[in-house]
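Read the figures in this text as sums done on the coordinates, not as results from a lab. From a predicted model like this one, the values you see are computed outputs, not experimental measurements. Reconstructed Cβ throughout: ideal geometry from the backbone, glycine too, with neighbour counts over all protein chains shown.
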Amino acid sequence: MPAACESALEDIEDIVSAEDLKPHDRQFVRRNVFPKVRKRNSQKNIQTDDEPPSDSIIPGVQKIWIRTWGCSHNNSDGEYMAGQLAAYGYKITDNSAEADLWLLNSCTVKNPAEDHFRNSIKKAQEGKKKVVLAGCVPQAQPRQEYLKGLSIIGVQQIDRVVEVVEETIKGHSVRLLGQKKDNGKRLGGARLDLPKIRKNPLIEIISINTGCLNACTYCKTKHARGDLASYPIEELVDRAKQSFQEGVCEIWLTSEDTGAYGRDIGTDLPTLLWKLVEVIPEGAMLRLGMTNPPYILEHLEEMAKILSHPRVYAFLHIPVQSASDSVLMDMKREYCVADFKQVVDFLKEKVPGITIATDIICGFPGETDEDFQETMKLVELYRFPSLFINQFYPRPGTPAAKMPQVPAAVKKQRTKDLSQLFHSYNPYDHKVGERQRVLVTEESFDSNYYVAHNPFYEQVLVPKDPLLMGKMVEVNIYEAGKHFMKGQPVSDARVHTASISRPLTKGEVSGLTEEFRRSARNGTNWKAQPSAEIPVKTGLSSWVALQLPWQQEGGGLKILSVSLALLAVLVMFYYGGMKTEL
C-alpha cells in the first residue's frame, strides 16, 4: 500500500460539490442509514448482543468527558459536539477518570486558558486517555509541538466530531481544519439543527455568526474564527423556534461580534432581532451578546427600541478596552472613546435602567500612566455594574506580542488599582425594597439559591423552590451585594410558566427527529452503512463510510491525498495489465 495511505490524516478540508445539498436545502438525511434491531438469544440468561465493555475498540460504546473553556460561542460548540456523540451512542460523563476519551474544547483569548488546555492534554496522556482537541487553540496553531500526533476537530467542523472520535478510538490521528463553503463563499459554520446537549436545558445559546471584521492587534481568536460569516436569518429563527418547542425559556445570541451580524449577507442585526422577537413566547427572554462600538453606532435608534421590548433583556456588552485614543489606535479598535460614550449615553437615555457591561485591558503595550488614568476616570464616570478586567497577555503570532511591553509589575499594579475601583461601589444598593419581575433559570454555584434575572439581566437570588425553576415570578428585593440581589417571591403574584412545552431533562439530546427517538426507545441503533463513495480511514487496508442521520449527503471524509494514492494504484494495475496483454 502506498505510504500516503498509512500516514495520519491531517488538515483535511471539505470539498463541496455540485451534488451536495445547499444551505437552504439543509435537512436530516437518512439515506444509507438503517436501524439495527438488537436480537436476543432464546436461551435463558444468554444474550447474543451484549453491550461491549467500555474499553472495546468498537466505536460508539465508550465514555467521553468534554471540557470547554472560553466564551458562549465555544460553549455552544461543546454542546453540539456532546449532542452528536450521545446521539450516536457514546456516553457523555462528568467523571474524567472513568472516561475513555477526553474531548478538550479550547480558548485562545488568554495565556492562562491555553495553559490549562495544555496541562489537560498532558494529564490525559499520563492517564492513557484517548484525546481529541477542539476550539480556537488548535485551529489557530495546529502545528504547535504539544499538539503533534493528536486528533483535531476544527471550529467549523464540529458536525463531524463523531468521525474524528471514532477514528481516534481506533488509534488514528485525524485533523479536520477546513472551512465550510458554498460556491466558494464561507459559511457561518456547521448546521444549527444538529443534535445538542444543553448544559442548562432552559437556556439555548445560538451563534449568529462566526469571525469578525476587525483586525485587533492583540487578538488570537481572529486566527481561529477568521473573517465574518453570518447565518441566514431564516435558519436562526428556525433554531429559536425549535429551542422554544424543547422547553427553552431563555436564548442567548452569541458571536465574536454580534453587532457586525449580516454585513456579509446583505442584512443587519436589528433586522434579525425583530424577526426573533416575533417568535419569542410570553414569559421567555432574549439576551444579546457582545457588540463592538463601531457596528452599533449606525443602529442606535433601532437597538434602543429592541432593548426596550418586554421580551428582550435591557442589557448590552460593549467592550471599550481602554479610554485612551492612542491605545485604541495601537489596538486597531476602529473607534475612539467618544464613540463608546455616544453609544452608552444614548442607550442610557432611551432605555432607562439598561445594564452596560464592558471589558478593559490593563497594561497594553505602550500604555502610559496618563492613558491608564483616563481609563480609571471612565470607570468612575459610568460605574459599570459588570466589568471584565484583563491584565494584558501577549499572544504568540499577534502584532501586539512584538510591541515594546509594559513591565509585568506595572501591569499587575494597574490591574489591582482598577479592581479596587470597581469594588469600591455597589451598583444595586438603591434597588433594595423594589418589586421586580424575574426569570428563574439556574442554580447558584454554592447550591444554596436559584438564580434569576430581572429585565436588566441583573442577577437575583431566590429561594430553592423547585416550583420556581423555569418560571417568571415577582419578587421583593430585600438585600443587595456587589454582583447580585436577593429576592423573596411575592405571595399574591402570578407565577408565569415561560416554557411553551416541557423542558428536556439534563443530559437529554435535543434536535433529534421523532423517528430517531422512536428507534432509540425501541432498542434499535443508528449505525453507518458501508459506501465506496465517502471514505473514512478504519485500517491500513479497509475503508468504510460514516453517514449519520443529521449529516448532509457527501459529508464523510473526502481525502484528496488518499484518493490520488488509490488512483495511482489503479493506474499501475491498468498499465500492468496492458503490458501483460502485449
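Note that the range 170-184 has calculated 3J(HN,Hα) couplings of 7, x, 9, 9, 10, 10, 10, 10, x, 9, 7, 9, 9, 6, x Hz, one per residue in order, obtained from phi through the Karplus relation 6.51 cos²θ - 1.76 cosθ + 1.60 (θ = phi - 60°); glycine and proline are x. Note on the range 63-179: lysine pairs with Cα distance below 20 Å, sequence gap of 8 or more or different chains, count 22. The charge dipole of the range 430-497, taken about the Cα centre with unit charges on the Cβ atoms of Lys, Arg (+1) and Asp, Glu (-1), comes to about 140 debye, rounded to the nearest 20. The packing ranking of peptides 463-474, 98-109, 324-335, highest mean first, is 98-109, 324-335, 463-474, where packing means the average number of other beta carbon atoms within 10 angstrom of each residue.
For the range 352-511, the fraction of alpha-carbon pairs lying more than 29 Å apart is 40 percent, rounded to a whole number.
Dividing the Cα radius of gyration by the Kirkwood radius, what Rg/Rh value follows for the range 67-190?
So for the range 67-190, dividing Rg by the Kirkwood Rh gives 0.94.
Peptides 131-141, 486-496 ranked from most to least packed, by the mean per-residue count of other Cβ atoms within 10 Å: 131-141, 486-496.
Assuming 0.36 nm per residue, please report the length gained on full extension of the stretch residue 349 to residue 213 beyond their Cα-Cα distance.
On the way: separation 136, 0.36 × 136 = 48.96 nm, distance 2.86 nm.
Extra length from residue 349 to residue 213 when fully extended: 46.1 nm.
Ignoring solvent entirely, what values of log10 I(q)/I(0) come out of the Debye formula for the range 236-296 at 0.21, 0.25 Å⁻¹ when each Cα is a single scatterer? Taking Cα atoms of the range 236-296 as identical point scatterers yields -0.84, -1.09. Judged by the mean number of other Cβ atoms found within 10 Å, the most tightly packed of the peptides 261-272, 423-434, 63-74 leads the ranking 63-74, 261-272, 423-434. Computed with the Debye formula from one identical point scatterer per Cα of the range 189-425, without solvent, the log10 of I(q)/I(0) at q = 0.11, 0.18 Å⁻¹ comes to -0.61, -1.37. Couplings 3J(HN,Hα) of the range 368-377, computed from phi: 8, 4, 5, 4, 5, 5, 5, 5, 4, 5 Hz, in residue order, whole Hz [Karplus 6.51 cos²θ - 1.76 cosθ + 1.60, θ = phi - 60°; x for Gly and Pro].
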